[in-house]
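First the structure, in the form of structure tokens, and then the observations on it.
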Amino acid sequence: MRNLRVVWIIWLREVKRYLREKIRIITSLTMPALYLFVLGKGLGSSMAMRGAPPGFDFRQFLFPGILGMTVLMTAIFAAISIVWDREFGFLKEVMVAPVPRWTITLGKGLGGSTVAMMQGVIMLLLAPTIGINLTPAIVAQVVPLLFLVAFSITSMGIVVAARMKTMEGFQMIMNFFLMPMLFLSGAIFSLKNAPGWMSFLSKFDPLTYGVDALRGIMLPEMQPLHSISFNVVVVAFFSTVMIGLAVFAFNRQD
Amino acid sequence: MESIISVDSLTRHFGDLQAVKGVSFDIKKGELFGFLGPNGAGKSTTISMLCTLLKPTSGSATLNNYSIVNQQNKVRASIGLVFQDPSLDDRLTAFENLQFHGIIYGMNRASVAGRAKEVLKLVELYDRRNELVKTFSGGMKRRLEIARGLMHFPKILFLDEPTLGLDPQTRNHIWSYLHKLRVEEQITVFLTTHYMDEAENCDRIAVIDHGEIIALDTPAALKDRLGGDVVRIKTTDNESAITELKERFGLDAVAEDSFLRFEVLLGETFVPRLMRDFTGHITSITVHEPTLDDVFLSLTGRAIRSESTDGVDRMKAQARMYGARRPH
């Protein structure tokens, strides 16, 4: 009970900080919106997808990928905020508390996931503008899935952040994690006709399964790679492994 | 009175550097105990070990009867900490910072609310409890950190350089809160400082230099050790003056820049005698009651002041005054 209260207060801090930075909420939506409306429209009209049904809109194909991208970015940023906390001293306050470390890791993981999910939900509201109907059934499936994907990525981010002492490593994170994860996930282009090495690598990217599941829920006619339940199981498995590693990495801090 | 902190030959090495070389001391319940020494003397290292932030290389200590070596969580629950560097979340309000602290120290929500009100009133921040910490001045942040350190009813409050970088008026304020909380909270206070004038507020002081405690006593007793008032004279020939002071007056004078310094009982009556009997030519003379500066000087042969405003110190001070801000 006491430990759960600790998880709750760490979660609450993350959510409060997010909600207080209205400007950041807006500005971090501009990138996915640019991808969707500018890149999506431009690429869509300059190419015709092979085997695409009549009336196919590339932006619709792209949309689940953009949701995944939004969650990916927000979740990584949320996890990396541990490094800010370390640089600005607040982490010390948390680390000297007489509580088991896993409560800190779990609170941070759940907090970051909640924030990333909320950011994803804001993007989701744009679906009708490109002709995707948001039925209650779709929303009821998409929102928990966004949370699950966010949780797997936040946990992975914590594993990395537990080792980082300064923000100088941030560019490295962008180059070695964020962008490859995004490109390999099938968020922006279909993996169906991708070369062998690429589809091989994409199998290790949790976002692949997240995006595929989102696509399966929102656009079943686009024939996802795997079934929704298979995707969910893989993401859940990845989450479990990552939060375990995060707890381990954080426990080893002195 | 029983001891609340017992330290036994505590040692810490960093590679070849011996930061703390086997210090031992006891602190009694309710005491206001000061650790005094220049930067790099081992103050922060010792305090970090007592707070279980750093493992000792050897030696042991108990706080509130819990061992710092193998009962870390019990020690942590018994102590409140005010770090040298700021550690508040400036995107949260004053109350939210206290609430966060209370919960991670195992309090429930109901007791958090009541206790937060008490400690905020103690440091006179209750009216600003719902304002974001980033709007606070350096002094207000310090006060809030002290309030936070008290949230979970600790037995001992540790403060590492609590007044570093604050202006003199704010420093006086902080001290008045520290005196007040001793009465209201009946708590033991352990602080480090390199401000000599502030150390006078302590019940007892340990003077630490090069990782060793070189004196431990009340401020009054430390000053009494000097054997009287401190006299500084300037003469036209300091070297023969040293000889004459030794032979005629039995005083051991030490050259200090262009001055000679010595200690003598009842300085105000000694000066007229000196003027009458001294054969050399005195150009300047000052007499003052001994301060802890003089104590430190006579113990170590150097002044603490000259080391107290190095670059790092100023940087830390600035960071605290302006408040470290997170970029967006």
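Summary of values
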read-out	value
Stretchable slack from B:HIS288 to B:ASN39, in nm (0.36 nm times residue separation minus alpha-carbon distance)	87.0 nm
With DNA, RNA and ligands ignored, accessible area of B:THR243 (1.4 Å probe; Å², nearest 10)	70
Restraint check, B:LYS28/B:LYS180; A:LYS16/A:LYS203; B:LYS21/B:LYS155, Cα-Cα greater than 24 Å	A:LYS16/A:LYS203; B:LYS21/B:LYS155
Spin-label pair A:SER28/A:PHE230, simplified geometry with 7 Å Cα→Cβ offset, distance in nm	3.3
A versus B: buried accessible surface, summed, Å² (probe 1.4 Å, to nearest 100)	2700
Assigned charges on the beta-carbon of Lys, Arg, Asp, Glu; chain B dipole about Cα centre (debye)	1660
Where N is the number of residues in the range A:97-172, Cα Rg divided by 2.2 N^0.38 Å	1.42
Dipole of the protein assembly as shown [Lys/Arg +1, Asp/Glu -1 at C-beta], most positive-end residue of A:LEU36, B:TYR195, A:MET218	A:MET218
Computed over chain B: relative contact order in percent, which uses C-alpha pairs under 8 Å that are six or more apart	20
Probe 1.4 Å - accessible area at A:SER227, Å² to nearest ten	60
For the range A:2-251, convex hull of alpha carbons as volume per residue, Å³	131
Positive dipole terminus of chain B, leading residue within B:LEU98, B:VAL20, B:ALA147 (C-beta point charges)	B:LEU98
Computed [θ] at 222 nm, deg cm²/dmol, the protein assembly as shown (DSSP H ≥ 4; -39,500 (n - 2.57); rounded to nearest 500)	-16500 deg cm²/dmol
For the range B:1-66, size of Cβ-based charge dipole, Lys and Arg +1, Asp and Glu -1, in debye	120
Filtered trypsin sites (Lys or Arg not before Pro), the range A:185-215: DSSP coil and at most 16 other beta carbons within 10 Å	A:LYS192, A:LYS203
Directionally averaged projected area (convex hull, Cα atoms, the protein assembly as shown), nm²	33.8
Chain A, relative contact order [Cα under 8 Å, separation at least 6], %	26
Accessible area in square angstrom per residue, chain B, 1.4 angstrom probe	44
All Cα pairs of the range B:227-289, percent lying beyond 13 Å	57
Dipole of the protein assembly as shown [Lys/Arg +1, Asp/Glu -1 at C-beta], most positive-end residue of A:VAL247, A:PHE200, B:THR11	A:PHE200
Sites B:SER6 and A:SER46, calculated FRET efficiency, Cβ-Cβ separation with R0 60 Å, nearest 0.05	0.20
Accessible area (Å², 1.4 Å probe, nearest 10) - A:PHE237	140
Whole-number percent relative contact order across the range A:104-254, with pairs defined as alpha carbons under 8 Å at least 6 apart	32
Exposure rank, largest accessible area first [B:THR269, B:THR286; 1.4 Å]	B:THR269, B:THR286
Cα-based Rg / Dmax (Å) for chain B	22.9, 77
Of B:LYS141/B:LYS223; B:LYS29/B:LYS223; B:LYS223/B:LYS246; B:LYS43/B:LYS121, those spanning more than 28 Å from alpha-carbon to alpha-carbon	B:LYS141/B:LYS223; B:LYS43/B:LYS121
Cβ charges +1 (Lys, Arg) and -1 (Asp, Glu), total dipole of the range B:227-289, debye	180
Helical segments meeting 20 Å axial Cα length and Kyte-Doolittle 1.6 threshold in chain A (DSSP H)	A:136-161, A:228-251
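The values are calculated or read from the model by the stated rules, or taken from the named source; none is laboratory data. Keep in mind it's a predicted model, so treat the numbers as computed, not measured. In this analysis, Cβ positions are derived from the backbone assuming ideal geometry, glycine residues included, and neighbour counts consider all displayed protein chains. SASA here: full protein model, heavy atoms, side chains in, ligands and nucleic acids out. Shrake-Rupley method; radii C 1.70, N 1.55, O 1.52, S 1.80 Å.
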